[in-house]
Amino acid sequence: MTEGQSGLSRRSILRGVAGVAAAAALPGLAACNSGGSTPAAAPSASAAPKKGGRMRAAFIGGSNESGNILQNTNTAIDYVRTRVLFDSLVEIDTAGKPSYVLAESIEPNADGTQWTVRLRNGPRFTNGKPVTADDVLHTLRTHVSNKSSVAPLLMDIDLANAKKQDDRTVILPTRRPHGFLDLMLSQGIFIFSKDTTDLNKAIGSGPFTLAQYKAGQGALLKRNPDYWRSDVGGPYLDELELLTITDADARMNALKAGQIDYAGSISLTAARAERDNQALQLIIPPKWEWANFGAAMKRNKAPFKDPRVAQALRLAVDREVMVRNVTLGFGEVGNDLLGKHLPYYLDDLPQRQYDPERAKSLLAEAGMSDLKLTLRTSDYEYGLLEGAAAFAEHARKAGITINLDKVPAADFFADPKVFVGAPFQSANRKPRPLPLDVMFFYGSDALLPFTGVANPQVDGLTARLRTAVNDEQRRAAVGDLHRYLYEEGGDLVWARAPIVSAGTPKVHNVQSLGYPSFPSFRDAFLA
Amino acid sequence: MTLVTGRATSGPLWRVVAVMTARRLVAGLLVLFAVSVVVFVATEIAPGDAASASLGPDAGPAAIEARRAELGLDRPAPLRYVEWLGGLFRGDLGVSYASGVPVADIVAARAGNSLLLGGLAAVLLLPLAVVLGAWAGLRAGRLADRAVSKSTLTLMSVPEFVTGTLLAVVFAVQLGWLPAVSFLPPGQSPLDRPEILVLPVITLLTVCLAHNTRVVRAGVAQSAVGEAAESARLNGVVERRVVWRYILPAALPPVVPLFARYVTFLLGGALIAETLFGYPGLASALVVASASRDVPVVQAVGLLAAAVTVLVNLAGDVVGTLLDPLRRVPR
């Protein structure tokens with residue numbers, strides 16, 4: 001899903017660039033590479049969990065919010081609410097690895113043509129009934145038959161032939177070999193009871209229950225006193241109040257005025273401004289969850305067809321400057337591959353450097369010394385337009401002219417033909433666990449072929465990855481694909497930057513667990 | 001008995017007003033129809049639709065096609081428009097594409113919130129503008145006048161979001177007297193927490209007050225030295241009576257249409273104030289609905305805003321006619 005932040009004007013970009021020297025040194029933030037929260041100023045050691053209290057947290061929402069379990073990705077606040085009212089079979093932990101929730105195990109057969117989900121003994125819905133194989137099948141089938149937004153993730157499961165082996169065991173045959181259904185099932189698929197009659201009031205098994213809800217305003221949730229899970233500690237809060245505040249600056253104001261305890265997704269400029277504010281803490285997600293800022297080149301379209309042009313563009317961006325000026329010192333350099341800091345990421349490839357002279361000579365070799373390009377970009381989130389403008393600046397030294405085609409925020413993703421088909425456009429990819437992204441972006445049957453990378457060789461590589469059922473196979477397959485994409489891919493990833501949230505110093509243990517824009521409050525507490 | 005002529009604009013006052021109201025209501029219906037066509041065509045021209053907007057960038061073409069069929073967006077546009085219009089005549093505003101919630105529910109709650117915020121600002125606006133404007137106008141050229149003129153000019157030249165941000169920083173973040181953000185916890189209405197209305201109302205007032213005050217001031221200053229006032233004074237009428245009987249009645253009617261324009265602005269949802277303070281009103285709903293290509297919601301809010309504009313302007317003209325001294329002279 002996309003997420004709006006207040007668009008920055010030209011003036012604030014310039015201000016951002018001017019004020020960068022001050023932000024360059026951010027020892028505390030840069031060092032925090034995994035998990036949890038970083039105090040803006042005073043380091044408050046992680047306190048011991050404490051029961052009780054009401055936490056008030058604000059997120060993006062609006063009149064398009066939905067209480068329907070199948071539309072939980074409509075807005076950030078919908079997802080946050082769904083996350084604590086329901087449980088998934090499996091979630092992604094802070095290291096980017098699957099961690100079982102309702103499931104006891106999710107395992108493939110040797111060739112990935114059949115998966116077995118074994119449920120834990122103990123999880124119960126709020127109506128008192130145990131979570132069974134029937135509920136899992138009902139959930140998956142309802143998503144697919146209602147064509148929900150996660151239904152495309154489930155397309156490889158042969159649901160017609162799926163069956164329950166016993167109350168706690170589900171057998172899921174696949175239409176074609178599938179190597180990572182466990183990761184797939186972590187992506188916004190929350191199990192609800194088969195006794196659910198109204199999808200707007202689906203019955204869950206989560207750590208909180210819904211006391212009050214009004215779309216567009218918020219929800220009051222109460223701790224589920226009978227929550228089945230005991231291995232994680234939570235839920236600690238008596239009450240969780242979720243509030244819709246769509247404007248990022250307004251969320252920050254509400255936090256500073258003491259109206260809320262937690263403000264989801266604040267802008268990097270606001271984060272920089274509040275860095276020394278003792279009354280706040282900035283909450284930085286683990287590095288693998290940081291967004292990948294860059295651009296996508298369509299490698300099957302001119303002029304990017306020519307590998308020398310693609311290579312020249314990779315050399316025409318100054319990544320260090322991007323980190324300082326665009327991520328305002330909060331980010332790190334990218335190396336044109338998705339999945340950095342995730343298991344299976346190929347770490348041994350050399351870091352690309354800024355080399356405008358080499359870029360120039362590559363273009364001369366290709367007979368395109370006077371290369372003029374148009375980059376489709378937008379300000380739907382901070383960092384896109386800013387990065388595109390900086391890129392145009394850097395590329396000029398290599399003799400490349402990049403014009404920016406600034407598309408209104410609401411139009412950027414509006415027409416799939418346009419945004420999937422654009423030859424050259426800004427990108428801000430939110431990471432998914434590594435092997436997952438591959439089947440969306442590369443190969444002949446990619447869902448979203450932004451870079452147009454598709455040929456028998458890459459199809460072979462993605463096919464091998466698709467069927468990689470164990471760690472060893474996954475590592476080898478991701479490595480091979482990364483090696484290929486590093487040279488032949490169309491992704492430019494020049495910088496990676498966190499989605500920063502902010503809270504009062506009393507807020508602890510709000511965990512992103514894969515989704516920094518809509519974190520989990522299951523184990524959150526006030527102390 | 002007055003002779004009834006064919007001209008609608010003459011005759012007894014009630015008749016003039018009745019004819020004008022009837023004509024304007026008919027014209028208003030045509031305006032509403034035109035607005036609905038324009039809004040529909042505009043949403044058709046905009047790239048993408050509710051299916052692509054609701055599924056987001058990760059969905060892929062097949063899923064979007066499926067959603068499109070589910071929402072009925074794959075059928076011809078004129079057919080969808082006619083169906084929507086038919087629903088409207090039956091009093092059915094349809095269901096939001098984005099959330100599946102009946103449009104009437106979304107719009108009703110927010111219209112109430114907007115009405116409260118805008119209505120409060122409007123109710124305060126008129127007396128403030130008249131008092132300040134008259135006070136300055138009767139002292140034209142003197143210190144009080146210059147002070148009012150300078151300060152209103154300053155307020156006018158500061159953009160709404162700057163005023164609002166400053167107010168929030170000072171009165172909410174620094175002093176802690178008022179909430180910085182006017183969100184509503186579920187289950188509450190703005191009436192349960194009137195304090196959330198204070199800063200948005202003040203922000204709106206600072207935007208609207210300046211212009212209205214200046215127009216009142218100009219009218220009062222002019223009629224204070226006008227023939228009617230001068231001859232009243234020469235006839236020995238006391239100044240207070242001159243003000244109430246001659247100056248204000250002459251100065252106010254031209255302000256009414258302007259005031260009506262500001263009231264429609266205030267009631268139609270004041271976007272900046274809503275965004276800045278996170279207040280759940282109509283304008284922010286319209287922005288979200290437009291971005292998510294939620295045509296039924298956009299249509300409903302657009303029609304409501306157009307209807308309010310038509311009605312408030314009509315009310316303004318009726319009041320203006322009733323106040324017009326020339327009209328009150330018996331013929």
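The values are calculated or read from the model by the stated rules, or taken from the named source; none is laboratory data. The shown structure was predicted, so the numbers you read here are calculated from the model rather than taken from an experiment. Glycine gets a Cβ as well: all are built from the backbone with ideal geometry, and neighbour counts include every protein chain shown. Ligands, DNA and RNA are excluded from the accessible area calculation, which covers all protein heavy atoms including side chains. Shrake-Rupley method; radii C 1.70, N 1.55, O 1.52, S 1.80 Å.
Checking A:K147 against (1) touching a residue at least 60 places away in the same chain (Cβ under 8 Å); (2) of a type in the set (K, R); (3) within 14 Å of chain B (Cβ to nearest Cβ), only one condition comes out false. Which one? Of (1) touching a residue at least 60 places away in the same chain (Cβ under 8 Å); (2) of a type in the set (K, R); (3) within 14 Å of chain B (Cβ to nearest Cβ), only one is false for A:K147: (1). In segment B:44-70, of all residues being surrounded by fewer than 20 Cβ atoms within 10 Å (Cβ to Cβ) and closer than 24 Å to B:L304 by Cα, the one that is nearest to the other protein chains (Cβ to nearest Cβ) corresponds to B:A46. Restricting A:A279, A:A302 to those that are modelled with pLDDT under 95, more than 30 Å from A:F424 (Cα to Cα) and among the aliphatic types (A, V, I, L, M) reduces the list to A:A279.
Counting only residues that are of a type in the set (F, W, Y) and away from every other protein chain (no Cβ under 13 Å), which one in segment A:387-436 is nearest to the chain's Cα centre (by Cα)? Spell out how you get there, then give the answer.
Of segment A:387-436, the ones of a type in the set (F, W, Y) are A:391, A:412-413, A:419, A:424.
Those left that are additionally away from every other protein chain (no Cβ under 13 Å): A:391, A:424.
Numbers: A:F391: 24, A:F424: 22 Å.
This residue is A:F424.
Please verify whether A:P505 is open to solvent by less than 20 Å² (accessible area, probe 1.4 Å) and within 30 Å of A:L282 (Cβ to Cβ), treating the condition exactly as stated.
Working: open to solvent by less than 20 Å² (accessible area, probe 1.4 Å): no; within 30 Å of A:L282 (Cβ to Cβ): yes.
Considered against the rule, which asks whether it is open to solvent by less than 20 Å² (accessible area, probe 1.4 Å) and within 30 Å of A:L282 (Cβ to Cβ), A:P505 comes out as no.
Got a sec? Which of A:A257, A:A215, A:A248 is within 14 Å of chain B (Cβ to nearest Cβ), free of Cβ contacts under 8 Å to residues at least 60 places away in the same chain and of a type in the set (G, A, S)? First the steps, then the outcome.
Working: A:A215 fails: free of Cβ contacts under 8 Å to residues at least 60 places away in the same chain; A:A248 fails: free of Cβ contacts under 8 Å to residues at least 60 places away in the same chain.
Testing whether each residue is within 14 Å of chain B (Cβ to nearest Cβ), free of Cβ contacts under 8 Å to residues at least 60 places away in the same chain and of a type in the set (G, A, S) leaves just A:A257.
Which one is farthest from the other protein chains (Cβ to nearest Cβ), of the residues in segment A:100-124 that are open to solvent by 30 Å² or more (accessible area, probe 1.4 Å) and closer than 16 Å to A:G206 by Cα? It comes out as A:N121. Sort out which residues of segment A:417-446 are over 30 Å from A:A468 (Cα atoms), open to solvent by 20 Å² or more (accessible area, probe 1.4 Å) and either out of contact with any Lys or Arg (no Cβ under 6 Å at 6 or more places or on another chain) or hydrophobic (A, V, I, L, M, F, W, C) (or both), and write them in order of number. Matches in segment A:417-446: A:K417, A:V418. You will find that of B:R80, B:R110, the residue that is of a type in the set (D, E, K, R), in a helix (DSSP H, G or I) and under 20 Å from the mean Cα position of the chain (by Cα) is B:R110 and no other. For segment A:134-142, check the following and say yes or no: at least one residue is more than 22 Å from the chain's Cα centre (by Cα) and either in the same structural domain as A:R475 (by TED's automatic domain parsing) or part of a strand (DSSP E or B) (or both). No, every residue in segment A:134-142 fails to be more than 22 Å from the chain's Cα centre (by Cα) and either in the same structural domain as A:R475 (by TED's automatic domain parsing) or part of a strand (DSSP E or B) (or both). If the condition is being acidic (D, E) and more than 23 Å from the chain's Cα centre (by Cα), then segment A:262-292 contributes A:E274, A:D276. From the list B:G91, B:G187, exactly one residue is more than 22 Å from the chain's Cα centre (by Cα), open to solvent by 50 Å² or more (accessible area, probe 1.4 Å) and within 14 Å of chain A (Cβ to nearest Cβ). Which is it? Exactly one residue qualifies, and that residue is B:G187. For segment A:96-112, the tally of residues that are farther than 17 Å from A:R432 by Cα and either β-branched (V, I, T) or part of a loop (DSSP other than H, G, I, E, B) (or both) stands at 7.
Quick check on segment B:193-203. Is at least one of its residues open to solvent by 60 Å² or more (accessible area, probe 1.4 Å), more than 10 Å from chain A (Cβ to nearest Cβ), touching a residue at least 24 places away in the same chain (Cβ under 8 Å) and part of a helix (DSSP H, G or I)? Yes, because at least one residue in segment B:193-203 is open to solvent by 60 Å² or more (accessible area, probe 1.4 Å), more than 10 Å from chain A (Cβ to nearest Cβ), touching a residue at least 24 places away in the same chain (Cβ under 8 Å) and part of a helix (DSSP H, G or I).
Restricting segment B:112-143 to residues that are crowded, with 21+ Cβ neighbours inside 10 Å and within 14 Å of another protein chain (Cβ to nearest Cβ) leaves a set whose member that is nearest to B:L286 (Cα to Cα) is B:S114.
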